[in-house]
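Undergrad: Questions regarding the structure given below will be posed in turn.
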């Protein structure tokens, strides 16, 4: 019965989620217009939005590794990107507020695009490398003020359980030049909530648990500059891939 109801819920959410997004986006713009600080608006509304999205879609999060969170200063989350549901899961789970790097097409969506621009999301134009590097350069002063960011080093969503695509150089360029640590994050199960090329949320089950795990930070040698980027890419990729494989083995193991 609950399996059948999950399909009904998925159809209803097709219409509810866009309206929900528009309401929250308008709330962001109104709060900023009223003079509320950008960080306060972003943190508060993103948490409420993420919690509500997870609740209405029957998604629970197993949060791990929070002891690895840098206690001071800015940092860069690097996460495996498999689903649109990565975003609410990260906003819900992160102990510290952060801004995403979002593809440029999202900034053209009415209300929503204006909201993410005003709260400080990084506009990533994937086909224009020089423009992306310029965006990172412009954000360096924000890192110095303690802001945190999240980027998908693969550059796009990857299909397949536990698959980790090739990493782009841009996020590592951003880290090295902004002098901020890299904080790898692995998520397992988001690709089951919303599959790539699908618009249906959490079909087939009534509740589902995903894993959000923060791994030990990696601190680049800021005296070496950009020459260390290939080594950093390899180090982070190996670290995330190994943990993803372990988590998927854990997920597939038969329960006692």
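The values are calculated or read from the model by the stated rules, or taken from the named source; none is laboratory data. Only a predicted model underlies this, so the values are computations on that prediction, with no experimental measurement involved. Here the Cβ positions follow ideal geometry from the backbone for every residue, glycine too, while neighbour counts run over all protein chains shown.
Undergrad: Would you mention how many residues in the stretch 1-28 are within 23 Å of residue 106 (Cβ to Cβ) and buried (at least 16 other Cβ atoms within 10 Å of the Cβ)?
TA: Counting residues in the stretch 1-28 that are within 23 Å of residue 106 (Cβ to Cβ) and buried (at least 16 other Cβ atoms within 10 Å of the Cβ) gives 8.
Undergrad: Count, please, the residues in the stretch 57-98 that happen to be farther than 16 Å from residue 171 by Cβ and assigned to a strand (DSSP E or B).
TA: Adding up the residues that qualify gives 6.
Undergrad: Do you know which residues across the stretch 115-129 are part of a helix (DSSP H, G or I) and more than 26 Å from residue 51 (Cα to Cα)?
TA: If the condition is that a residue be part of a helix (DSSP H, G or I) and more than 26 Å from residue 51 (Cα to Cα), then 129 is the only one that fits.
Undergrad: Consider residue 168 against the criteria (1) surrounded by fewer than 17 Cβ atoms within 10 Å (Cβ to Cβ); (2) modelled with pLDDT of 90 or more; (3) more than 19 Å from residue 88 (Cα to Cα): it satisfies all of them except one. Which criterion is unmet?
TA: (1)
Undergrad: Residues of the stretch 139-160 being surrounded by 16 or more Cβ atoms within 10 Å (Cβ to Cβ) and touching a helix residue (DSSP H, G or I) at 6+ places or on another chain (Cβ under 9 Å), which ones?
TA: 139, 142, 143, 147, 149, 150, 151, 152, 153, 155, 157, 158
Okay, residues lined up against (1) under 19 Å from the mean Cα position of the chain (by Cα); (2) closer than 30 Å to residue 243 by Cβ; (3) surrounded by 14 or more Cβ atoms within 10 Å (Cβ to Cβ):
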residue	(1), (2), (3)
53	yes, yes, yes
56	no, yes, yes
66	yes, yes, no
71	no, yes, no
81	yes, yes, yes
97	yes, yes, yes
108	no, no, no
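Undergrad: Further question: Suppose the filter is surrounded by 13 or more Cβ atoms within 10 Å (Cβ to Cβ) and on the phi > 0 side of the Ramachandran plot; does residue 44 pass it?
TA: no
One line per residue, one yes/no per condition, for (1) out of contact with any strand residue (DSSP E or B) (no Cβ under 7 Å at 6 or more places or on another chain); (2) within 29 Å of residue 216 (Cβ to Cβ); (3) in contact (Cβ under 8 Å) with a residue 24 or more places away in the chain; (4) assigned to a helix (DSSP H, G or I):
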site	(1), (2), (3), (4)
100	no, yes, yes, no
105	yes, no, no, yes
113	yes, no, no, yes
131	yes, no, no, yes
142	yes, yes, yes, yes
157	yes, yes, yes, no
165	yes, yes, no, no
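Undergrad: Residue under question is residue 186, and the condition is that it be in contact with a helix residue (DSSP H, G or I) (Cβ under 6 Å, 6 or more places away or on another chain), surrounded by 13 or more Cβ atoms within 10 Å (Cβ to Cβ) and outside any helix (DSSP H, G or I); does it hold?
TA: Against the criterion (in contact with a helix residue (DSSP H, G or I) (Cβ under 6 Å, 6 or more places away or on another chain), surrounded by 13 or more Cβ atoms within 10 Å (Cβ to Cβ) and outside any helix (DSSP H, G or I)), residue 186 qualifies.
Undergrad: Hey, residue 203 hits all of (1) closer than 26 Å to residue 5 by Cβ; (2) in contact with a strand residue (DSSP E or B) (Cβ under 7 Å, 6 or more places away or on another chain); (3) surrounded by 13 or more Cβ atoms within 10 Å (Cβ to Cβ) but one; which does it fall short on?
TA: Every listed condition holds for residue 203 apart from (2).
Undergrad: To continue, here is another question. Quick one: residue 163 ticks every box in (1) within 18 Å of the chain's Cα centre (by Cα); (2) buried (at least 19 other Cβ atoms within 10 Å of the Cβ) bar one, so which box is it?
TA: (2)
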